[in-house]
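Computed from the coordinates by the stated procedures, all read-outs in this text should not be read as laboratory data. On a predicted model such as this, the values are computed, not experimentally measured, just so you know. Heads up, the Cβs are rebuilt from the backbone with ideal geometry, glycines too, and the neighbour counts pull from every protein chain shown.
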Amino acid sequence: MVRGVIPRQPAKTGRHEGARKALSRPKITPAKTKPEVRPGAKRKAPKPASGKPPAGYNPVAPERVREILRRLDERYPGVTCALTHRSAWELLVSTILSAQCTDARVNMVTPVIFARYPTAADFARLKPEQLEPEIRSTGFFRNKSRSIVGAARAVVERHGGQVPATMEELLEIPGVARKTANVVLGTWFRKAVGVVVDTHVLRISRRLELTRNDDPQKIEQDLMKAIPQEKWIEFSHQIIHHGRALCVARTPKCADCPLETLCHAADKTWSTVEVHKAARP
Ligand code: SF4
């Protein structure tokens, strides 16, 4: 090195040449591919453009629905109802208890009550007030208690203690609406009479544009049209699992979702595809 010539050093103030250049670099638009993420680093989602679906876009086109079902099968093979039960009656009671309550909580309560009252006839002999303290932790315990005792009496008086296996008969039982009836028919009797529409199915069907309705009965009708009947039972179980694992109500985990490239939900947290304003829960 020539004496007296000192190589340029970055100024301590940070106002050196390189820094200026770096500041004036043009912005790079994020690539629309899943980024490499360092373990533990927070993923930053690109801001998806929102808009109307392109002309001719059909969210319930058979090939799109088939692909959704295929990916659900791949991610959630063999999933079933998370409510612990040993009979149609136990499943009926558990489903009534699961309204506005987690399955885990219901599964903590039911072993105790089924040990104390093993059959529908045992429940039928109770006054609703007697059951209330035992199911209190599941919430709405007064209504649920009335429904369970009323259901038990109907099952004993009209069906000889056996839960009936048709939608019409189930809907006649106090506390049983279509959702509960579909759970019992699909999970216990393996009868695909309808599609279970709970809070997860409602939210995700709307995000996936399988329905535009927000009334559960209309959503069920839309799903029954869009999804082949042989997949009705499995679809509900898979979507319920998906709603718990990834497609949660707030901040869904879209970057990890197997349906990401097929989903145009307006409230996605990560998107590699155009989002649609109307596709929201
Ligand atoms: S991409 Fe996001 S919003 Fe769409 S289904 Fe998956 S988790 Fe839900």
(request) Name the residues whose placed amide hydrogens come within less than 5 Å of the amide hydrogen of THR166, ignoring near sequence neighbours (fewer than 5 apart) on the same chain. (result) none
(request) Could you run the Karplus curve 6.51 cos²θ - 1.76 cosθ + 1.60 with θ = phi - 60° over segment 152-168 and give me ³J(HN,Hα) per residue in whole Hz, x for Gly and Pro? (result) 4, 4, 5, 5, 6, 6, 9, 10, x, x, 9, 5, x, 10, 10, 4, 4
(request) For ARG146 and GLN130, compute 0.36 nm times the residue count separating them, minus their Cα-Cα distance, and round to one decimal in nm. (result) 4.7 nm
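If R0 is 30 Å, what FRET efficiency do you get for ARG105 and GLU168 from their C-beta distance, rounded to 0.05?
On the way: r = 31 Å, r/R0 = 1.04.
Given R0 = 30 Å and the Cβ-Cβ separation, E is 0.45.
Just flag the GluC sites (Glu not before Pro) in segment 141-185 sitting in loop per DSSP whose Cβ has no more than 15 other Cβ atoms within 10 Å. Display every interim value, and only then the final one.
On the way: sites: GLU157, GLU168, GLU169, GLU172; in loops: GLU172.
Passing both the DSSP loop test and the Cβ count: GLU172.
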(message) List the pairs from LYS144/LYS277; LYS191/LYS277; LYS144/LYS218; LYS218/LYS268; LYS225/LYS253 whose alpha-carbon separation is above 30 Å, in the order I gave them.
(response) LYS144/LYS277; LYS191/LYS277
(message) Quick check: residue separation of THR251 and LYS218 times 0.36 nm, minus the Cα distance between them. What number comes out in nm?
(response) 9.3 nm
(message) Under 5 Å between amide hydrogens, which residues at least 5 positions from VAL275 or on another chain qualify, with H placed 1.01 Å from N in the peptide plane?
(response) ALA49, GLY51
